[in-house]
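Read through the structure below, which is laid out as structure tokens, and then see the notes.
The values are calculated or read from the model by the stated rules, or taken from the named source; none is laboratory data. If you're wondering where the values come from, they're calculated on a predicted model, not measured in any experiment. Quick reminder, even Gly has a Cβ in these numbers, built from the backbone with ideal geometry, and neighbours come from all protein chains shown.
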Amino acid sequence: MKKYKILALMFFIIIIFSCILAPIKKIPLDIMVGKVNFLAETVDYEDGVYDFGKVMRRILMLTALIVFLIFRKSLKMGTLLIASIKMKAGWFSQFFLGFSLACGSLLIYYFIALLFGASMIHLDFHSTGIILSKVFKFLLIGCLIGFIEEAFFRGFILKAFMEDMSLPLAVCTSSMIYSMLHFFQADYPVSTGFQAFVGFKTIIEFFKPLFIQFMENLPSIVGLFLIGVVLSYAFIKAQSLYLSIGLHTGWVFMMKTDGIFLVRIREKLEWLFGDSQLVTGILAWTLLLCTYIVIKKIYSNTTHFSGADGDGKNLKRAC
């Protein structure tokens, strides 16, 4: 069976088993949520009601981990990941280049937003120590998110697809999956008590933005898809994950850090600057295209991508 078919089957298994586990998980959670303060804060518990969407996301993650461990040999998961994250000569230069490109593109975005009045300079913290600690924390978060998501989406998913699909189709498919999975964040308030179909109902809420509310969320879907394409291209051209990890880290870092220094006026020119998400605006899409062009220019002499299969026969179209 081809790898993309195995991945589709795995996704179906993860969804079904998570829905089956959800009401079972809810039983002890109902008992503990009103007694453990940390747990209550995590799921926004108040007056006997809490957000099961947050619980369901953790159930999906745990189920996915188990399923991937079961299928790891048939997918050659370890081989693909090790080949992708191996620290070759120049890995830090690639990471730093990606990080610089990401930070530079968003600095241009913020500068233009300030010029048009879509953002205002505002310092939330007066202590230099607090600001530095926040910046350092966001940098660590960016590195963690960048490494985990790039290892999974580019180092594993994209490379698995590249073995069975043409390169453009593999990039587009993996980027669409990357975009879609970002919408699995819906809130689903539930009361305490046994609910046999709570998992299925929560999953329906997760899928609503992609189907029932598709047009409303289309700008976000397009923006996240474009991010996936640029990250995939960076991975292919650099022949390792570290350029895409640097890009991903830089974008996350800047978007988390800007709240310390800037206030966004979200209703100002939404079509240009986006609404609550930067990726919904035309300016962000334009800067992503510019990042793509810069990477293409820097890596213009790259001739092929050495894939996990060793001969790279299906991957030489990478350029």
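Below are the figures for this structure:
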{"read-out": "Residue match in region 279-299 (condition: outside any helix (DSSP H, G or I) and closer than 22 Å to residue 139 by Cβ)", "value": "no"}
{"read-out": "Single condition residue 190 does not satisfy, out of (1) aliphatic (A, V, I, L, M); (2) crowded, with 20+ Cβ neighbours inside 10 Å; (3) at pLDDT below 95; (4) not in a helix (DSSP H, G or I)", "value": "(3)"}
{"read-out": "Selection status of residue 282, over 30 Å from residue 84 (Cβ atoms), modelled with pLDDT under 90, out of contact with any Ser or Thr (no Cβ under 6 Å at 6 or more places or on another chain) and not acidic (Asp, Glu)", "value": "no"}
{"read-out": "Test: residue 245 is free of Cβ contacts under 8 Å to residues at least 24 places away in the same chain and either in a loop (DSSP other than H, G, I, E, B) or among the aliphatic types (A, V, I, L, M) (or both)", "value": "no"}
{"read-out": "Enumeration of residues in region 258-274 that are part of a loop (DSSP other than H, G, I, E, B) and either at pLDDT 95 or above or over 29 Å from residue 235 (Cβ atoms) (or both)", "value": "265, 266, 267, 268, 269"}
{"read-out": "Any chance residue 133 is under 17 Å from residue 239 (Cα atoms) and either part of a helix (DSSP H, G or I) or charged (D, E, K, R) (or both)", "value": "no"}
{"read-out": "Residues being among the aliphatic types (A, V, I, L, M) and farther than 18 Å from residue 228 by Cα - total across region 242-300", "value": "7"}
{"read-out": "Among residues of region 160-181, those that are buried (at least 16 other Cβ atoms within 10 Å of the Cβ) and outside any helix (DSSP H, G or I), counted", "value": "1"}
{"read-out": "Some residue of region 215-231 being more than 18 Å from residue 274 (Cα to Cα) and more than 17 Å from the chain's Cα centre (by Cα)", "value": "no"}
{"read-out": "Output for region 88-104, where each listed residue is closer than 17 Å to residue 146 by Cα and either in contact (Cβ under 8 Å) with a residue 40 or more places away in the chain or among the β-branched types (Val, Ile, Thr) (or both)", "value": "91, 92, 94, 95, 96, 97, 98, 99, 100, 101, 102, 103"}
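Results for (1) in contact with a Leu (Cβ under 6 Å, 6 or more places away or on another chain); (2) part of a helix (DSSP H, G or I); (3) surrounded by fewer than 16 Cβ atoms within 10 Å (Cβ to Cβ); (4) at pLDDT below 95, shown as yes or no for each residue.
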site	(1), (2), (3), (4)
56	no, yes, no, no
63	no, yes, no, no
67	no, yes, no, yes
72	no, yes, yes, yes
81	no, yes, no, yes
87	no, no, yes, yes
93	no, yes, yes, no
100	no, yes, yes, no
103	no, yes, no, no
